[in-house]
Every structure is written in C-alpha cells, then in structure tokens.
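Asks: Sharing a structure below in structure tokens format, with a few things to ask.
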Amino acid sequence: MFSTLVRYRSVQLAFVVLAIVVLLAVLGPLLAPFDPLEQNSSAILDGPSAAHWLGTDSVGRDVFSRVLSGSTVSVLSALQAVVVGFLLGVTPGFLSVYLGRGVEWFTLRLMDALITLPFLVFAVAMTALLGNGLTQAMFAVGILIAPAFYRVTRAAAMTVANSQYVEAAALMGATTRWIIVRHAVRKVAPAVGVTFATMTGASLVIVSSLTFLGIGVVPPDPTWGGLLAGGLQYLYQAPWSPVVPALLIVATVWALNALADAVRDASSAPRARTNTETKKVDHDVH
C-alpha cells in the first residue's frame, strides 16, 4: 500500500509537512535560540528581525522560540488523546463481534453513552476534577473519541466475521484468536489507520482549542493554541504574531486528513478493480 500512497502528490506534500512537524516536536526545544520563558521589557512587541525571526510578544519573549518549544506539548498531547481513544475503542470493537451478545450489548450501550457527552464540557470537567493539565484533558478527549474507533473497528470486523472464508475456517476448527490475528486485523487495519489519522487532526484542533482558552496548560508554558490566543490579543500592534501558530495547526490538520483520504482510496482501489473485473467477466459470459 505504501508504494500506492506515495504516488499521490498530496501524500508527498503531506509527508513533508508531517516530517517538519515531527522534527519540531522532537527537536523544537533544543533548536530554540532563546529561553521561551525569558522576558525582555526593552523588546516588547518588536517586529520580525535577524535576532527575533517572528518578533516578540507582549512581555518581550521570543515568539520563534515559543513556537518551537510549544510544538512538543501540542503534538504529543494530540497523540496521547488518540492513543487513549485507540486502546479504548479498537479492543472493545473486536470483542463485541467475537465474544457474544452480552459483550456486544454492553459495549454498544457504553459507546452510545460516550457519544452523548460534549467534548469541551467533559474535558473542562475532567481538568477541574483531576487538576489543570494537558494529560488529564487529553485523557478525557481520548475517552470521547473512543466511539469513533469502536464503530469503525466493529463495522470492519463484522464484515470479516460474516465472510465465507472466515466461516469456513471456523468450521474447520480455527480458534477466535487465530481468526482475529490471521484475518480480522489485516482487513481492519486500513480503516483504523484512516480513523487514526483523522482523529489525530481532530485531537490537535481540540488541544489548540483548550489551550487557546487557557485550559490544560499553566501559563506561561507555550503551546500553539496559547500562542494563537496571545497573538490575537495584540493583533493591531503585532499582526504577524498569530500567523505562524495558525499555519502550523492548519497545515498539520490538512496533512493528516490528506493522508487519511489517500489511505482510504488506496485500500478501496483493489476492491474497485475486483468489482470491475467481475463485471467484465459477467459481460463476456453473457
């Protein structure tokens, strides 16, 4: 599938964008030319220059250094939420198909209950209950995106479970574990991969929204959402300030969605070819 993906121009650009984002997340704090928390009262709201590539903020902190340092927190927090949602959604999705009616009923009711909870309100409640931190907020977000993984996994696993070759394997004595490992995981993986990429972009937007509101992070720690909020407060004096954080958020979400679309198209291409070939054979026969 990878050889098919790299043929898409959008995927190539998405890989470049994601590589830059990963580089910023891993090496951002080390590449920062200044201390992101250091204030300089003589350089308040300075414009971009050779010393400060993106200018300074309202208390004289270097914006470029804060963008680099905030990349790690923003990206890792989004990944944390997706990993939690993945673990809490994929496993019950498989179990609901292969462990009988009782597990199916319980997991369906649980996911229905989670779907009804509003994202921001639940995240705010969790941070109020467990303390103001991105770890607590992202755990709450991960719980709320678990139904997306559950529904995709369950739908794909049911398709595999109802297929004739799986039924034949079960009649020949194959265990449930063997069927899941040998057939279900391989068939479900592309659909889960699409959901993983999509939910990562959605989680990044949620992280940015929470930190924009000052939830989940303790000032003056930098995040992309916090930098965007700070820049908008002084938009008239420093119109360049919120541009880079906003572009990073938009570009990362676009790259993840483009990658998800390409994975979906690549995984459905063999099916489309099979349907075309089947129609051609039927036409030739008739």
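The values are calculated or read from the model by the stated rules, or taken from the named source; none is laboratory data. Since the model is a prediction, treat every value here as computed from it, not as a measurement. Quick reminder, even Gly has a Cβ in these numbers, built from the backbone with ideal geometry, and neighbours come from all protein chains shown.
Asks: Report, ordered by the first and then the second residue, all pairs with beta carbons closer than 8 Å, sequence separation of six or more or different chains, a first member in region 120-146 that is in contact (Cβ under 8 Å) with a residue 60 or more places away in the chain and in a helix (DSSP H, G or I), and a second member that is of a type in the set (Phe, Trp, Tyr) and surrounded by fewer than 18 Cβ atoms within 10 Å (Cβ to Cβ).
Replies: VAL141/PHE119
Asks: Looking at region 95-106, can you tell me whether even one residue there is of a type in the set (D, E, K, R) and either more than 24 Å from the chain's Cα centre (by Cα) or modelled with pLDDT of 90 or more (or both)?
Replies: yes
Asks: Only one of LEU45, LEU68, LEU88, LEU79 is part of a loop (DSSP other than H, G, I, E, B), of a type outside the set (Gly, Ala, Ser) and in contact (Cβ under 8 Å) with a residue 24 or more places away in the chain; which?
Replies: One residue alone meets the criteria, LEU45.
Quick grid of which residues meet (1) farther than 27 Å from GLY214 by Cβ; (2) modelled with pLDDT of 80 or more; (3) surrounded by 14 or more Cβ atoms within 10 Å (Cβ to Cβ):
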| position | (1), (2), (3) |
| --- | --- |
| ALA137 | no, yes, yes |
| ALA140 | no, yes, yes |
| ILE143 | no, yes, yes |
| PHE149 | yes, yes, yes |
| ALA155 | yes, yes, no |
| MET158 | yes, yes, yes |
| VAL166 | yes, no, yes |
| LEU171 | yes, no, no |
| ALA174 | yes, no, yes |
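Asks: From VAL181, VAL207, VAL188, grab the single residue that is closer than 15 Å to TYR98 by Cα and surrounded by 19 or more Cβ atoms within 10 Å (Cβ to Cβ). Steps first, please.
Replies: Working: VAL181 fails: surrounded by 19 or more Cβ atoms within 10 Å (Cβ to Cβ); VAL207 fails: closer than 15 Å to TYR98 by Cα.
It is VAL188.
Asks: Let me ask something additional. Pick out the one residue from ALA169, ALA156, ALA184 that is farther than 30 Å from LEU256 by Cα and part of a helix (DSSP H, G or I).
Replies: ALA169
Asks: Then there is this: Among (1) among the aromatic types (Phe, Trp, Tyr); (2) modelled with pLDDT of 90 or more; (3) within 30 Å of VAL166 (Cβ to Cβ), there is one condition PHE34 misses while meeting the rest; what is its number?
Replies: (3)
Asks: If you don't mind, another one. Select from region 105-123 the residues that are surrounded by fewer than 20 Cβ atoms within 10 Å (Cβ to Cβ) and touching a Leu at 6+ places or on another chain (Cβ under 8 Å) and write down the one among them that is nearest to PRO190 (Cα to Cα).
Replies: If we take residues in region 105-123 being surrounded by fewer than 20 Cβ atoms within 10 Å (Cβ to Cβ) and touching a Leu at 6+ places or on another chain (Cβ under 8 Å), then LEU114 is nearest to PRO190 (Cα to Cα).
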